[in-house]
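> Let me begin by handing over the structure; questions about it come next.
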Amino acid sequence: YGEKSEGIDEYKGWAYACTKAIAEKVATVELQLMRRRGDSEDEAVNDHPVLDLLRAVNPFLTKHDLFQSTQSYLELDGNAFWWLSKNDSGEIAAVWPLRPDYVSAVPDRDLFVKHYVYTIGNEKFVLPVDSIIHFKEFNPKNPFRGIGSVVASMSAIEQDNFARDWNKEFF
């Protein structure tokens, strides 16, 4: 249930400008972890492994990079996947954003999703459900895949592309 993403292919022109503007704004959001204290007010938690993980997402990306890519993929494709890689102790050691059109959900009658498959070229990597966080926009046609703003706007984007190409040839 993975599929080629028209949205990612359209990451240029207006789609690029709009996607980048939205994703840059989302990437600047500062999260705050809160602890519920019964019926009283919640209190901020400043020291926690989740906060440490978000400060050092993986050796190559920052929190800003992770959030920017996540929002960009949501806008373009309607899906964003985080792979949570674990250390030898089974603790989450890093978060890696995955290109959504390379990820397929393998359906299961009882579990909904049996596992995910990440395909790069001819290589396939089976990823357990508990190692993936799947963010998705609502898609009325497919419960396994979201639909992005760019895909939903494809008709208008194609018209703009055709007009641009026609003008380029004419002039």
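The values are calculated or read from the model by the stated rules, or taken from the named source; none is laboratory data. This is a predicted model, so every value here is computed, not measured. In this analysis, Cβ positions are derived from the backbone assuming ideal geometry, glycine residues included, and neighbour counts consider all displayed protein chains. The protein model used for the area step is the full one, side chains on, heavy atoms only, and it has no ligands, DNA or RNA in it. Shrake-Rupley method; radii C 1.70, N 1.55, O 1.52, S 1.80 Å.
> Could you check the range 36-64 and list, in sequence order, the residues that are of a type in the set (D, E, K, R) and over 19 Å from the mean Cα position of the chain (by Cα)? Let's see the steps before the verdict.
Filtering the range 36-64 down to residues of a type in the set (D, E, K, R) leaves 36-37, 39, 41-43, 47, 52, 55, 63.
The answer is R36, R37, D39, E41, D42, E43, D47, D52.
> For residues that are not in a strand (DSSP E or B) and not hydrophobic (A, V, I, L, M, F, W, C), tally how many sit in the range 93-143. Outline the logic, then answer.
At the first step, the residues of the range 93-143 found to be not in a strand (DSSP E or B) are 99-102, 109-111, 121-122, 129-131, 137-143.
Right, trim to not hydrophobic (A, V, I, L, M, F, W, C) and you get 99-102, 109-110, 121-122, 130-131, 137, 139-143.
Of the residues in that region, 16 qualify.
> Can I ask one more? With respect to N79, is the statement that it is in contact with a strand residue (DSSP E or B) (Cβ under 6 Å, 6 or more places away or on another chain) and exposed (fewer than 11 other Cβ atoms within 10 Å of the Cβ) true? Even if it seems obvious, please write down each step before you answer.
On the way: in contact with a strand residue (DSSP E or B) (Cβ under 6 Å, 6 or more places away or on another chain): yes; exposed (fewer than 11 other Cβ atoms within 10 Å of the Cβ): no.
No; evaluated as a whole, the condition is false for this residue.
> What number of residues within the range 33-58 are surrounded by 10 or more Cβ atoms within 10 Å (Cβ to Cβ) and not in a strand (DSSP E or B)? Outline the logic, then answer.
Of the range 33-58, the ones surrounded by 10 or more Cβ atoms within 10 Å (Cβ to Cβ) are 33-34, 42-43, 45, 48, 50-51, 53-54, 56-58.
Those still in the list that are not in a strand (DSSP E or B) too: 42, 48, 50-51, 53-54, 56-58.
The total comes to 9.
> Can you report the number of residues in the range 65-86 which are under 17 Å from I132 (Cβ atoms) and either of a type outside the set (S, T, Y) or more than 18 Å from the chain's Cα centre (by Cα) (or both)? Please lay out each step first, then the result.
Narrowing the range 65-86 to residues under 17 Å from I132 (Cβ atoms): 66, 69-70, 73-74, 77-86.
Retained after the next criterion (residues that are either of a type outside the set (S, T, Y) or more than 18 Å from the chain's Cα centre (by Cα) (or both)): 66, 74, 77-84, 86.
Residues that pass the stated criteria total 11.
> A follow-up question, please. Take the residues of the range 122-171 that are β-branched (V, I, T) and open to solvent by less than 70 Å² (accessible area, probe 1.4 Å): which is farthest from D9 (Cα to Cα)? Walk me through how you get there before you give the answer.
Filtering the range 122-171 for residues β-branched (V, I, T) gives 126, 129, 132-133, 147, 150-151, 157.
Right, trim to open to solvent by less than 70 Å² (accessible area, probe 1.4 Å) and you get 129, 132-133, 147, 150-151, 157.
On the way: V129: 27, I132: 24, I133: 23, I147: 14, V150: 10, V151: 10, I157: 12 Å.
Restricting to residues being β-branched (V, I, T) and open to solvent by less than 70 Å² (accessible area, probe 1.4 Å), the top hit is V129.
> Within 30 Å of I157 (Cα to Cα), over 15 Å from the mean Cα position of the chain (by Cα), open to solvent by 30 Å² or more (accessible area, probe 1.4 Å) and at pLDDT below 95: is that true of V29 in this structure?
yes
> Looking only at the range 3-12, filter to residues that are in contact with an Asp or Glu (Cβ under 7 Å, 6 or more places away or on another chain) and either assigned to a helix (DSSP H, G or I) or of a type outside the set (G, A, S) (or both); which one of those is modelled with the lowest pLDDT? Even if it seems obvious, please write down each step before you answer.
So the first thing to find is which residues in the range 3-12 are in contact with an Asp or Glu (Cβ under 7 Å, 6 or more places away or on another chain), and the list is 3-5, 7-8.
If we keep only those that are either assigned to a helix (DSSP H, G or I) or of a type outside the set (G, A, S) (or both) too, we end up with 3-4, 7-8.
Numbers: E3: 56, K4: 59, G7: 73, I8: 77.
The qualifying residue modelled with the lowest pLDDT is E3.
> Being assigned to a helix (DSSP H, G or I) and aromatic (F, W, Y) is the filter here, so list the residues in the range 144-171 that pass it.
Taking the range 144-171 as the starting set, the residues that turn out to be assigned to a helix (DSSP H, G or I) are 149-152, 154-170.
Correct list: F162, W166, F170.
> Here are the criteria: (1) open to solvent by 60 Å² or more (accessible area, probe 1.4 Å); (2) farther than 28 Å from H64 by Cβ. Tell me which single one E91 does not satisfy.
Single failed check for E91: (2).
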